[in-house]
Amino acid sequence: MQYRLSLPADYDMDIIRRRIAAGGPRFDGTPGLGLKAFLMRERGVDGSPLNQYAPFYLWADSAAAARFLWGGGGFAGVIDSFGRPVVETWIGGGHHRGPAFHQRITHAVRNVARMPVDADPSGAAAEASVAVRDRLGEDGLHSIAWAVDPRSWEVITFSLHAGRPDRCDGELYQAPHVSAPHVADLG
């Protein structure tokens, strides 16, 4: 799950950094949350064309995701501050640990690939799974997750890194804080 809040070009991104520093630790014990990466992009940094706050979640329990969104959970603070954004949700394909799994995550890369209209979804999903597994030996790779959006038939891949990755085939994000209370429960 992810929501992406694009902010004005002159937005003071230190506001987002302070928000993450103050609120991030509250998620460190959230029941049912596998991992939440507090992601941001800053205009002019690492080639980003915009300012954006874009948290990414891997839920170990879908009921916990529901409680977060509409059960009085932490999402109310997002709505109060920024309005109600579109929340992208996907059907998870897998989460795999990389060689830097026990290191601090500093960056993430989001890659989106549209399935060809004539592609068999099961074949495309199998190809995505193999492509992810082929990357598991990358230096600095903390973990990688992939999912399918059946609304648009896109494969979404998030790679999480301990340090700025050499490979960046998508949107590069800074990750000032990561909460991973139930990362061991992700498959």
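Just to be sure I understand: with springs between alpha-carbon atoms less than 10 Å apart, which residue in 96, 107, 161 has the highest mean-square fluctuation in the Gaussian network model of the chain?
Evaluated over the chain, the most mobile residue of the options is 96.
Can you figure out the FRET efficiency of residue 9 with residue 168, using R₀ = 22 Å and their beta-carbon distance, to the nearest 0.05? Don't jump to the answer; show the numbers that get you there.
Details: r = 22 Å, r/R0 = 1.00.
After rounding, the FRET efficiency stands at 0.50.
Hey, can you grab everything whose amide H is under 5 Å from the amide H of residue 140? Only 5+ residues off in sequence or another chain; H modelled, so Pro and N-termini drop out.
100
What FRET efficiency do you get for residue 114 and residue 21 if R0 is 35 Å and r is their Cβ-Cβ distance, rounded to the nearest 0.05? Don't jump to the answer; show the numbers that get you there.
On the way: r = 36 Å, r/R0 = 1.04.
With a Förster radius of 35 Å, E is 0.45.
Helix-derived [θ] at 222 nm for the chain: sum -39500 (n - 2.57) over DSSP H runs of at least 4, divide by residue count, nearest 500?
Details: 4 runs with 41 residues, N = 187.
After summing the helix terms and dividing by residue count, I get -6500 deg cm²/dmol.
Applying 1/(1 + (r/R0)^6) with R0 = 30 Å to the Cβ-Cβ distance of residue 184 and residue 66, what FRET efficiency is obtained, to the nearest 0.05? Mind showing how you got there, number by number?
Working: r = 22 Å, r/R0 = 0.72.
After rounding, the FRET efficiency stands at 0.90.
Counting pairs of alpha carbon atoms under 8 Å apart in space and at least six apart in sequence, what relative contact order in percent does the chain give?
On the way: 380 pairs, mean separation 58.4, N = 187.
It comes to 31 percent, rounded to a whole number.
Averaged per residue, what accessible area in Å² does the chain show with a 1.4 Å probe, protein chains only? Could you put the intermediate results ahead of the total?
On the way: 9310 Å² over 187 residues.
Here the per-residue accessible area is 50 Å².
Over region 1-114, what percent of the accessible surface lies on carbon and sulfur atoms, probe 1.4 Å?
51
Which listed residue (68, 170, 94) has the Cα farthest towards the positive end of the charge dipole for the chain, taking +1 on Lys and Arg C-beta and -1 on Asp and Glu C-beta about the Cα centre?
68
What residues qualify as long-range amide H neighbours of residue 177, i.e. H under 5 Å apart, gap of 5 or more or another chain, H built at 1.01 Å from N?
When sequence neighbours closer than 5 places are left aside, the close amide H contacts are 38.
Can you tell which of 137, 32, 98 shows the greatest fluctuation in a Gaussian network model of the chain with Cα springs below 10 Å?
137
In whole Hz and in residue order, list the ³J(HN,Hα) couplings for region 117-133 that follow from phi through the Karplus curve 6.51 cos²θ - 1.76 cosθ + 1.60, θ = phi - 60°; x for Gly and Pro.
Along region 117-133, the couplings run 4, 9, 7, 6, x, 5, x, 5, 5, 4, 5, 4, 4, 5, 4, 5, 4 Hz.
For residue 152 and residue 48, compute 0.36 nm times the residue count separating them, minus their Cα-Cα distance, and round to one decimal in nm.
Working: separation 104, 0.36 × 104 = 37.44 nm, distance 2.47 nm.
Difference between extended and current length: 35.0 nm.
I want to verify a result. In a Gaussian network model of the chain, Cα cutoff 10 Å, which of these has the top mean-square fluctuation: 140, 44, 93?
44
Rounded, prolate or oblate: which fits region 78-138 when a ≥ b ≥ c are the square roots of the eigenvalues of the alpha-carbon gyration tensor, with rounded for a/c under 1.5 and prolate only if a/b beats b/c?
Note, shape of region 78-138 comes out oblate.
From the C-alpha gyration tensor of the chain, pull out the three semi-axes of the equivalent ellipsoid (sqrt of 5λ each), sorted largest to smallest, in whole Å. Don't jump to the answer; show the numbers that get you there.
On the way: eigenvalues 119, 74, 63 Å².
Over the Cα atoms of the chain, the ellipsoid semi-axes are 24, 19, 18 Å.
Using the Cα centre of the chain as the reference point, and only Cβ charges (+1 on K/R, -1 on D/E), how large is the resulting charge dipole? Debye, rounded to the nearest 20. Intermediate values should be presented prior to the final figure.
Working: 19 positive and 21 negative charges, 103 e Å.
Dipole size: approximately 500 debye.
Using a 1.4 angstrom probe and counting only protein chains, how large is the accessible area of residue 18 in Å², to 10?
Residue 18 exposes around 140 Å² with every protein chain in place.
The values are calculated or read from the model by the stated rules, or taken from the named source; none is laboratory data. None of these values were measured; they are calculated from a predicted model. Please note: Cβ atoms are built from the backbone with ideal geometry, for glycine as well, and neighbour counts cover all protein chains shown. Just so you know, the surface numbers come from the protein's heavy atoms only, side chains and all, with ligands and any DNA or RNA stripped out. Shrake-Rupley method; radii C 1.70, N 1.55, O 1.52, S 1.80 Å.
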